[in-house]
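Enquirer: Structure provided below as structure tokens; questions to follow.
The values are calculated or read from the model by the stated rules, or taken from the named source; none is laboratory data. Quick caveat: nothing in here was measured; it's all calculated off a predicted structure. Glycine also receives a Cβ, built like all others from the backbone with ideal geometry; neighbour counts cover every protein chain displayed.
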Amino acid sequence: MSESPTILVTGSAGRIGRAVVAELLARGHQVRAFDRVPTPGVTDQIVGDLTDAAAVRRAVEGVDTVIHLAATPDDADFMTELAPNNLIGVYHVLESSRLAGVRRLILASSGQVVWWQRKRGPLPIKADDPPTPRGWYASAKVFLEAAGRMLAEAHGVSVLVVRLGWVPRSREHVEELAALDWAKDVYLSPGDAGRFLACAVEASADIKFAIVYATSRPLRAGMYDLDTAKQLLGYEPRDRWPEGVEDMGGIA
């Protein structure tokens, strides 16, 4: 039997990256990791930076699917952090993937792309609602989504854009989320994030382009429409706030 195709996870040492790597390995997938620091538990890995085009080209060589998570994860200085990582880095990953013949791209976007829709409604927010980005970070994610659509239409790559909910990265994030009623409805546990992205890897090859939302089970009412994710990917969230934050000193 031939070896299963390799899946590249960029940002593999991050909070979501570690969760998806663990889930993919548990399901028997071949995983290659790419991050600025080593990724625990992965044999096939490249330590590099998104701004290093040669490192990105090495990372995508021989890869079937790319899960692109690596990015400056929130608003930061545009010229020194957002532009290099979230614009130039996106170009390197997407163009290198196209040239390498990658079959599927799974692109991590953000619920911040439709931030103002949260206040004006109607809810739940759907994939075809117009982007209303919160700031420069979210605006860079709009670029990511548009670039993915271009690759799907012009070059036939299967592209899934995943607008992720809120995965806390620290104790401070957990406390901030706990203080906001609406945030509990967009919470995404690391476990659900890993399962969601594994479902995206395993989804039908017939998907040309789709935007899907990823959250855990809402505490009150869903802010984002999860029906498309269920229909296309077979994703069913398991967790609900505060499940999944125990190892970060979460609030039970």
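Enquirer: Residue 215 is checked against (1) over 17 Å from residue 148 (Cβ atoms); (2) more than 14 Å from the chain's Cα centre (by Cα); (3) β-branched (Val, Ile, Thr); (4) at pLDDT 95 or above and fails just one. What number does that condition carry?
Expert: Looking at each condition in turn, residue 215 falls short on (2).
Enquirer: Among the residues of region 6-39, what is the count of those that are among the β-branched types (Val, Ile, Thr), farther than 26 Å from residue 174 by Cα and without any contact (Cβ under 8 Å) to a residue 60 or more places away in the chain?
Expert: Within region 6-39, the first condition is being among the β-branched types (Val, Ile, Thr), and the residues that meet it are 6-7, 9-10, 16, 20-21, 31, 37, 39.
From what is left, the residues that are farther than 26 Å from residue 174 by Cα are 6-7, 31.
In the following step, the residues that additionally are without any contact (Cβ under 8 Å) to a residue 60 or more places away in the chain were identified as 6, 31.
Total meeting the criteria: 2.
Enquirer: Also, I was wondering about something else. Determine which single condition residue 60 fails, assuming it passes every other condition in (1) within 29 Å of residue 204 (Cβ to Cβ); (2) over 19 Å from the mean Cα position of the chain (by Cα).
Expert: Only one criterion is unmet by residue 60, namely (2).
Enquirer: Ok, one more. State which residue pairs qualify: first residue part of a strand (DSSP E or B) and inside region 40-58, second residue among the hydroxyl-bearing types (Ser, Thr, Tyr) in any location, beta carbons under 8 Å apart, and separation of 6 or more residues or different chains.
Expert: 45/12; 45/39
Enquirer: From 210, 179, 205, grab the single residue that is in contact (Cβ under 8 Å) with a residue 60 or more places away in the chain, out of contact with any Leu (no Cβ under 9 Å at 6 or more places or on another chain) and over 20 Å from residue 12 (Cα atoms). Outline the logic, then answer.
Expert: Values: 210 fails: out of contact with any Leu (no Cβ under 9 Å at 6 or more places or on another chain); 179 fails: in contact (Cβ under 8 Å) with a residue 60 or more places away in the chain.
Exactly one residue qualifies, and that residue is 205.
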